[in-house]
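See below for the structure under consideration.
The values are calculated or read from the model by the stated rules, or taken from the named source; none is laboratory data. Predicted model only: the values in this text are computed from it and were never measured. All Cβ positions, glycine included, derive from the backbone under ideal geometry; neighbour counts span all protein chains shown. We work out accessible area using only protein heavy atoms, side chains counted, and drop any ligands, DNA or RNA first. Shrake-Rupley method; radii C 1.70, N 1.55, O 1.52, S 1.80 Å.
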Amino acid sequence: MANLIYIDLVPQGEREAFANKVIEVSDKLGINPNWLMQVMKAESGIRADIQNPIMMQGGHATGLIQFAPNTAQKLGTTTDALKNMGRIEQLNYVYDYFKKYAGNIKSYFDLYLITFFPAAIGNNSDSYVFGGIKDGTPTDFAQKIAKGNPTMATSINGYPAVTMASFKQYLKNT
């Protein structure tokens with residue numbers, strides 16, 4: 001069995017098959033499997049059934065990489081179906097989500113950015129605000145992103161926001 005970080009979070013009887021699937025998915029994506037393990041650890045504790053409320057859209061993000069309802073639908077499933085899948089089966093959807101980015105994921109940062117807010121790809125300026133800024137103030141959408149992700153948030157003119165700099169700092173701490 002591969003030496004993957006956080007593999008101890010997977011039940012003993014499932015570890016080998018899960019590790020093999022993580023490596024298979026990572027090989028297809030051309031990435032380091034530990035990057036995928038890091039993202040899954042940060043998003044769900046490597047749990048397929050975990051759900052968290054989504055402040056911006058309503059509903060719940062679900063699973064290993066916290067699929068939003070609209071993302072699950074685009075992948076031909078639902079968050080309810082994902083919640084009821086095992087880790088190994090759900091990794092097929094993890095692959096489906098990332099496969100359009102295969103060959104362009106050069107780091108853990110890239111992989112996590114695609115997971116968290118793919119609209120930010122290509123906007124690596126530290127001052128970039130997830131969700132936008134207007135007249136020096138984070139938009140309502142940007143503030144919702146920050147409120148939903150307080151460990152990534154900073155303040156701009158007294159309003160909560162997630163900037164690329166605060167996102168990078170969060171990644172350094174995970």
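For this structure, a couple of remarks:
- Beta carbons closer than 6 Å, at least 6 apart along the sequence or on distinct chains, pair a first residue in the stretch 17-28 that is open to solvent by less than 10 Å² (accessible area, probe 1.4 Å) with a second that is assigned to a helix (DSSP H, G or I) and of a type in the set (K, R) for F18/R87.
- Residue check for A72: surrounded by 21 or more Cβ atoms within 10 Å (Cβ to Cβ), touching a Gly at 6+ places or on another chain (Cβ under 7 Å) and of a type in the set (A, V, I, L, M): no
- Every test in (1) open to solvent by less than 30 Å² (accessible area, probe 1.4 Å); (2) not in a helix (DSSP H, G or I) is passed by N104 save one, and that test is (1).
- Restricting T79, T71 to those that are over 23 Å from L9 (Cα atoms) and among the β-branched types (V, I, T) reduces the list to T71.
- Only listed residue being closer than 30 Å to A19 by Cα, at pLDDT 95 or above and polar (S, T, N, Q), chosen from T154, T163, T62, T139: T62
Conditions tested, residue by residue: (1) closer than 30 Å to K147 by Cα; (2) without any contact (Cβ under 8 Å) to a residue 24 or more places away in the chain.
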position: L4; (1), (2): no, no
position: G13; (1), (2): no, yes
position: T79; (1), (2): yes, no
position: N84; (1), (2): yes, no
position: V94; (1), (2): yes, no
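- The stretch 75-99, subset of a type in the set (S, T, N, Q) and out of contact with any Pro (no Cβ under 8 Å at 6 or more places or on another chain), residue most open to solvent (accessible area, probe 1.4 Å): N84
- Any hit, the stretch 37-51, residues being over 19 Å from Y108 (Cβ atoms) and surrounded by fewer than 15 Cβ atoms within 10 Å (Cβ to Cβ): no
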